Amino acid sequence: MRKLYHFNGGVHPPTHKTESTQTPIAQAGLPSRLVVPLHQHAGSTAKPTVQVGDRVLKGQLFGMPQGSVSSAVHAPTSGTVTAIDMQVVAHSSGLADLCVTLLPDGRDEWAPRVSTNYLSTPPEELRLLLRLSGVVGLGGAVFPSDLKLRPGKHKVTTLVVNGAECEPYITCDDMLMRERAGEIVRGAEMMRYMLDADEVLIGIEDNKSEAIAAMQKAVSENNFSRMEVVTVPTIYPGGGAKQLIRVLTGIEVAAGVRSTDLGVQCFNVATAYSAHRAIEHGEPLISRIVTVTGNVQHAQNFEVLIGTPVNELVALAGAKPDTNGHIMGGPMMGVPLPSDHVTVTKATNCIIESSPALFPPPLPEMPCIRCTRCVEVCPADLQPQDLYWFAKSKNFGKAQEFSLFDCIECGSCSYVCPSSIPLVQYYRFAKSEIWANEREKEAANLARERHEFHLMRIERDKQDKAEKLAQKEKAALAAKAAAAAQPGTDAAAIDTLRAQVREIAHPDAGLNKE
Amino acid sequence: MLTALLVMSALALLLGAVLGFSAIKFKVEGNPLVDKIDAILPQTQCGQCSYPGCKPYATAIAAGEADINRCPPGGEEGIRKLAELLGRDFIPFGEDTAAPKPKSVAFIDENICIGCTLCIQACPVDAIAGAAKQMHTIIESECTGCELCVAPCPVDCISMVVIRENISTWKFQYPAAAVATANKMNIKSSQI
Amino acid sequence: MFSPFITHASSVREIMFKVLLALLPGIALYVWYFGPAILVSITLASVTALATEAAMLKLRRRPILPFLKDNSALLTAWLLALSIPPLAPWWLVVVGTMFAISISKHLYGGLGNNPFNPAMIGYAVLIISFPVYMTHWISPQGMGQLELSFVEQMQFIFGGQFPSGVTLDAVSMATPLDTLKTQLHSGHVAADVLQMPIYGYLGGHGSEMVALGFVFGGAYLLANRIISWHLPVAFLAALFATAGAFHLYDASHYAPPLFHWFSGAAMLAAFFILTDPVTSPTTLRGKLIFAAGAGFLTYIIRVFGGFPDGVAFATLLMNISVPLIDAYTQPKVFGKKGNK
């Protein structure tokens, strides 16, 4: 029996998983249009490589990665590019971002795909392939996976594959593990090869018995001796990367620390699956499994093309009239969508249709009575009531002293607060204010430098002019003295003398000044 | 009696020597308070405080000549930070300074620009690229929104464009709705 | 609307209500042994507390009904009423409650913002200002020199009048703790003093049963996870240890530790007073230090101090040190604890 470690805190919300695991993964098919954001990963926006009016094939490159932290974006199906413009995207702000709008032609024609044998390819080439295939973390952070597969300062001993899926309602990873375990496992082995890790531990919560069985079968069928499926206790947020690493290896990764520096790396099962499709089948990341659940007629999982409008996706599950909102993600950490006209991105693991019955409106906020229920459940060992105190009074310095940025925003504290305080919202507010302040500070420092240089430049120009004026006067004086000393010299001699004087006064004559 | 006098004088001389030595040996160049104040100011160099730049304003505050509520680009937040640094009370903007405006950048209409370089000379952070008889353009990332270029332009081709927040600069709102509800609303007892 | 969209929380109202429920066994035993006068104090205190709270909320321009309904004022009132002699005049109860609610709670910012336990502040103000009334406790039924009927008790409480010939001294007595102190002072040995009829098995006759009632209430709170074990256990352990040490040193002058557990407000403090979440530390180690300090100080004030019971001042002294305790007992954050 493998030794499992423990992390403090955590809560047990009702899981609501069985609603959406009754039927296998269905294909969502082609929607009426696809709106693909060019910035659906952490890092810099991809640069568009197509133009309006272009006809593209399925899997064709839409956006080139820009900068070291970036990833590529591809056409989810064949069709015509009808627009490259700002569209409202699935983001808390409700703001717009640059998107490519694609009108499908119905043929779903693939661009040429190339299979790669990973065992005979050096890891740097495989990483480049993943970057150009748009493979990013599908657990929600959408961090470019190629960067996470680079060796760190220390050797990576353990690769953790995250099949925990601790948040209620979400079952996309569960169904993926049940149906496509073989490809996940082969993808995980490819990742282990790239990292040169000693072992692979696949963590799955104990409420997913079918998935555990399927994954164990896949591991033994593929004879991966260094891979092991480990059952972990069901607790929220046990599926957080830091928490799962702690449970499986005992290592605690602090905020701001790279887990590879501590010898461990963590990927979601869907990311491993996509890596496998990219390397072995040459397919870029253009679709993902999305759970559609909540206030719908038939909650289920779909394989959805990136860029599918949410309302068309939900219609497949049967929308209900009393739906009052759409949540991307789970009920603990999900993002309320500005409308259902936004589209599915690589980060969309679940769409929950909310209704007043399912998610009643929150009670008004009462004062904090310091009952410390929030401290009991915090998985990061923080003091949420102190962070709330400082965030509320905008004392951002103190909030950082109390480790505000170690908060993983899991929502456990808000979940148990008897005063109905929206704790995580205060922390999000504080974090974004601190980041904005840092940006302003940097801009102000830059402006100060430029201003000081501006003043210095003006001073320097003034001095240059003064010097030249002084030299001119000196030369004029010298010429006068020379002329006075030799009154009878002939004109030629005077000319030579004048030329010499001019030489002294304007040594760089011939150059254009000003 | 005499010994007491001698001892006290000796002590006074000794302590005076120590003070004098420290004043010379540990003298701090420049005025650190001015630098601290300048670090808080937003470096817009716009002159709305009626001083020719942020450093002169900082110097004036340190010297006690200027009050802390003269900087509109710093906003109320800036006044608060200055108040905290100097141990004074917060005071709101007075009537003789302009109210804070949303952050904006300058924009040159290239159809109208005549290439006279007057705006280039006016910009305190050298954020305008151009030369005599050449097209001028604002370097957007360097512009602080100080508006000093708008007035000198003889053909009025410079306008200020408000920077709208985009997805990278968007901030979460203060959860004020929750607080306001608890404070102002008549909450039905059945909801508690 | 923002995440999380689901909640498991109870409410402040529910928590405070359960604490009030937990006080009922102790109150029932109080009535059994000392008569129903305590119920009058409790009612008077409750009404005053709610009225004062409503008035303060109005002055502070806050919504009134939600805060009144959160039961925190009621809890303060009940705890204060249980700390005051039942024969106290009505104005004593009213003044104490008004002070507790308006000054020690609302002037500091209301619910959640007071650094001192309001009930204990109310008690402290009363015992310093009106020591006579505060040290004359009703005798257990069947033990007093003179027994007043309920009506006569009410006449005293509200009218200040005794039946002719009756004085306060005749119908009340000092607390068991107070009696012990004065008897020891006059030279008697502890073991002999504790044989006097006003003492029961472990503490004072009657009041030890009330303390037992509070223990049952505390057990209910622990079982329902309203309070955690740290505060009661640390307080009782420190009190036991300190009392035990002195008792071992000189048994003739220092009462046994179990006596201290079951007399005075020790059990009330352990489960109801110290566990006030607003005024106790937020870290686990901090809670242990806080409660242990209170236990030690309670003993010291009882034996060497000038007041019959040390609970109130011990609590207030530890309340002052809460920010310091919190600052020094911050737990290490995930990932920064060193190696596994």
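The values are calculated or read from the model by the stated rules, or taken from the named source; none is laboratory data. Not measured: the values here are computed from a predicted model. Cβ coordinates were reconstructed from backbone atoms using ideal geometry, including for glycine residues, and neighbour counts include every protein chain displayed. What goes into the accessible areas is simple: the full protein's heavy atoms, side chains included, and nothing from ligands, DNA or RNA. Shrake-Rupley method; radii C 1.70, N 1.55, O 1.52, S 1.80 Å.
Could you give me the ³J(HN,Hα) list for region A:83-99, computed from phi with Karplus coefficients 6.51, -1.76, 1.60 and θ = phi - 60°, whole Hz, x at Gly and Pro?
Computed from phi, the couplings for region A:83-99 are 6, 10, 8, 7, 10, 5, 10, 6, 8, 3, 6, x, 8, 9, 9, 5, 9 Hz.
Among the GluC sites (Glu not before Pro) within region B:1-105, which fall in a DSSP loop and have no more than 13 other Cβ atoms within 10 Å of their own Cβ? Numbers along the way, then the final one.
Working: sites: B:29, B:65, B:76, B:77, B:84, B:95; in loops: B:29, B:65, B:95.
Counting only loop positions with at most 13 other Cβ atoms within 10 Å, the GluC sites (Glu not before Pro) in region B:1-105 are B:29, B:65, B:95.
In the calculated pair distance distribution of the protein assembly as shown, what percentage of Cα-Cα distances lie above 38 Å?
Looking at the protein assembly as shown, the distances longer than 38 Å represent 64 percent of pairs.
Considering protein heavy atoms only and a 1.4 Å probe radius, which residues within region B:160-175 exhibit an accessible-area decrease of no less than 40 Å² in the full assembly relative to the chain by itself?
Buried by the other chains: B:167, B:170, B:171, B:172, B:174, B:175.
If I compute solvent accessible area with a 1.4 Å probe over the protein chains, what percent of it on chain A is carbon and sulfur?
Numbers: 12030 of 22200 Å².
Solvent-exposed carbon and sulfur of chain A make up 54 percent of the total.
Per DSSP H run of at least 4 residues, take -39500 (n - 2.57); add these up for chain A, divide by its residues and hand me the 222 nm value, nearest 500 deg cm²/dmol. Numbers along the way, then the final one.
Numbers: 14 runs with 183 residues, N = 514.
Theoretical 222 nm ellipticity from helices: -11500 deg cm²/dmol.
From the backbone phi of region B:46-54, what are the Karplus-calculated ³J(HN,Hα) couplings (6.51 cos²θ - 1.76 cosθ + 1.60, θ = phi - 60°) in whole Hz, Gly and Pro given as x?
Per residue, the Karplus-derived 3J(HN,Hα) values read 8, x, 5, 7, 6, 10, x, x, 6 Hz.
Residue A:223 to residue A:116: FRET efficiency via 1/(1 + (r/R0)^6), r the Cβ-Cβ distance, R0 30 Å, to the nearest 0.05? Let's see the in-between values first.
Numbers: r = 21 Å, r/R0 = 0.70.
Approximately 0.90, to the nearest 0.05.
Accessible area drop of at least 40 Å² (1.4 Å probe, protein heavy atoms): which residues of region C:1-22 qualify, relative to the chain alone?
C:1, C:2, C:3, C:4, C:5, C:6, C:8, C:9, C:12, C:15
With both partners inside region A:122-279, how many of the DSSP beta bridges are antiparallel, as a percent to the nearest 5? Mind showing how you got there, number by number?
Details: 1 of 18 bridges.
In region A:122-279, approximately 5 percent of DSSP beta bridges are antiparallel ones.
Considering only C-alpha atoms, what is the centroid distance from region A:401-420 to region C:52-92, in Å?
So the two Cα centres are separated by 32 Å.
As I understand it, the value is the acute angle between the Cα axis of helix A:209-221 and the longest principal axis of the Cα atoms of chain A; what does it come to in degrees, rounded to 10?
Long axis of A:209-221 versus the principal axis of chain A: about 70 degrees.
Give the accessible surface of region C:10-173 per residue, rounded to a whole number of Å², with probe radius 1.4 Å and ligands, DNA and RNA excluded. The partial results should precede the final answer.
On the way: 6710 Å² over 164 residues.
With the other protein chains kept in place, region C:10-173 gives 41 Å² per residue.
Summing Lys, Arg as +1 and Asp, Glu as -1, what charge do residues with Cβ under 12 Å from the Cβ of residue A:99 carry, residue A:99 excluded? Don't jump to the answer; show the numbers that get you there.
Values: positive: A:33; negative: A:85, A:97.
It works out to a net charge of -1.
Viscosity 1.306 mPa s, temperature 10 °C: give me the Stokes-Einstein translational D for region A:117-282 in µm²/s, with Rh taken as the Kirkwood radius over C-alpha pairs.
On the way: Rh = 15.5 Å.
Roughly 102 µm²/s, to the nearest whole number.
With helices defined as uninterrupted DSSP H runs, which ones in chain C have an alpha carbon span along their own long axis of at least 20 Å and mean Kyte-Doolittle hydropathy of at least 0.5? It would help to have the intermediate numbers written out before the result.
Details: long enough: C:12-34 (32 Å, 1.49); C:37-59 (33 Å, 1.65); C:207-223 (24 Å, 1.52); C:230-249 (28 Å, 1.41); C:284-304 (30 Å, 1.28); C:311-328 (24 Å, 1.53).
Taking the DSSP H segments of chain C (at least 20 Å long, mean hydropathy at least 0.5), we get C:12-34, C:37-59, C:207-223, C:230-249, C:284-304, C:311-328.
Which shape class applies to chain B: rounded if a/c is under 1.5, otherwise prolate when a/b exceeds b/c and oblate if not, where a ≥ b ≥ c are the square roots of the Cα gyration tensor eigenvalues? Don't skip to the end; give the middle numbers.
Details: a/c = 3.43, a/b = 1.39, b/c = 2.47.
Taking the square roots of the gyration eigenvalues as a ≥ b ≥ c, chain B is oblate.
For chain A, what size does the Cα cloud have along each of its three principal axes, sorted from largest down, in whole Å?
Rounded to whole Å, the extents work out to 118, 62, 51 Å.
Among the lysines, select those whose C-alpha is under 18 Å from the C-alpha of residue A:148, and discard any that sit fewer than 8 residues away in the same chain.
Hits, sequence-local ones excluded: A:242, A:346.
Quick one: of A:17/C:332; B:55/B:101; B:81/B:103; A:392/C:58, which pairs are farther than 29 Å apart, Cα to Cα?
Values: A:17/C:332 35 Å; B:55/B:101 21 Å; B:81/B:103 19 Å; A:392/C:58 24 Å.
With Cα atoms farther than 29 Å apart: A:17/C:332.
Round to a whole number: what % of the accessible area of region B:32-86 belongs to carbon and sulfur, probe 1.4 Å?
Values: 1190 of 2340 Å².
That fraction is 51 percent.
Can you compute the modelled spin-label distance between residue A:435 and residue B:76, with each label point 7 Å from Cα toward Cβ, in nm?
2.5 nm
So, counting K/R as plus one and D/E as minus one, what does the shell of residues with Cβ under 10 Å around residue A:185 add up to?
Numbers: positive: A:180, A:186, A:217; negative: A:183, A:189, A:221.
For residues surrounding residue A:185, the net value is 0.
Nearest 5 is fine: what % of DSSP beta bridges in the protein assembly as shown come out antiparallel, could you say? All intermediate terms of the calculation are to be shown ahead of the outcome.
Numbers: 45 of 69 bridges.
Once the DSSP bridges in the protein assembly as shown are tallied, antiparallel ones form about 65 percent.
Report, in deg cm²/dmol and to the nearest 500, the calculated mean residue ellipticity at 222 nm for chain B, where each DSSP H run with n ≥ 4 adds -39500 (n - 2.57) and the sum is divided by the residue count.
Numbers: 6 runs with 68 residues, N = 192.
Taking each H run of at least 4 residues, the total per residue is -11000 deg cm²/dmol.
Run the dipole for the protein assembly as shown about the Cα centre, Lys and Arg Cβ at +1, Asp and Glu Cβ at -1, nothing else charged, and hand back the magnitude in debye, nearest 20. Please list the in-between numbers first.
Working: 83 positive and 89 negative charges, 144 e Å.
Dipole of the protein assembly as shown, to the nearest 20 debye: 700 debye.
Set Lys and Arg Cβ to +1 and Asp and Glu Cβ to -1, take the dipole of the protein assembly as shown about its Cα centre, and tell me which of A:410, A:204, C:26 lies farthest positive.
The residue sitting farthest along the positive end of the dipole is C:26.
Taking only protein heavy atoms into account and a 1.4 Å probe, give the accessible area per residue of region A:117-282 in Å². Could the numbers behind the result be given before it?
Values: 5620 Å² over 166 residues.
In whole numbers, region A:117-282 has 34 Å² accessible per residue.
Given springs between every Cα pair under 10 Å in a Gaussian network model of chain B, which of B:37, B:24, B:158 has the largest fluctuation?
Sorting by GNM fluctuation, first place goes to B:24.
Output the residues of region A:453-473 meeting this criterion: accessible area (heavy atoms, 1.4 Å probe) in the chain alone minus accessible area with all protein chains in place is 40 Å² or greater.
In region A:453-473, residues shielded by partner chains: A:454.
Using modelled backbone amide H atoms (1.01 Å from N, in-plane), which distant-in-sequence or interchain residues come within less than 5 Å of residue C:199's amide H?
Under 5 Å from the amide H of residue C:199 lie the amide H atoms of C:205, each far enough along the sequence or on another chain.
Setting aside same-chain residues fewer than 8 positions from residue C:18, which aspartates and glutamates have a Cα under 14 Å from its Cα?
Output for residue C:18: C:70, C:276.
Among A:296, A:245, A:112, whose Cα projects farthest towards the positive end of the dipole of the protein assembly as shown, with charges put on the beta-carbon of Lys, Arg (+1) and Asp, Glu (-1)?
Positive-most Cα among the choices belongs to A:245.
List the lysines whose Cα lies under 19 Å from the Cα of residue A:462, skipping any in the same chain that are fewer than 8 positions away.
Partners within reach: A:472, A:474, A:513.
Could you work out how far helix A:491-505 tilts from the main Cα principal axis of chain A, as a 0 to 90 degree angle to the nearest 10?
Approximately 30 degrees, to the nearest ten.
Report the one residue of C:320, C:8, C:88 whose Cα lies farthest in the direction of the positive end of the charge dipole of chain C (charges on C-beta: Lys and Arg +1, Asp and Glu -1; origin at the Cα centre).
Result: C:8.
I want the local charge near residue A:175. Using Cβ-Cβ distances under 13 Å, sum +1 for each Lys or Arg and -1 for each Asp or Glu among the other residues. Walk me through the numbers before you get to the answer.
Working: positive: A:17, A:178, A:180, A:208, A:288; negative: A:19, A:165, A:173, A:174, A:179, A:210, A:303.
Taking every other residue near residue A:175 into account, the sum is -2.
Which of B:80, B:164, B:70 moves most in a GNM of chain B, Cα contacts under 10 Å?
B:164
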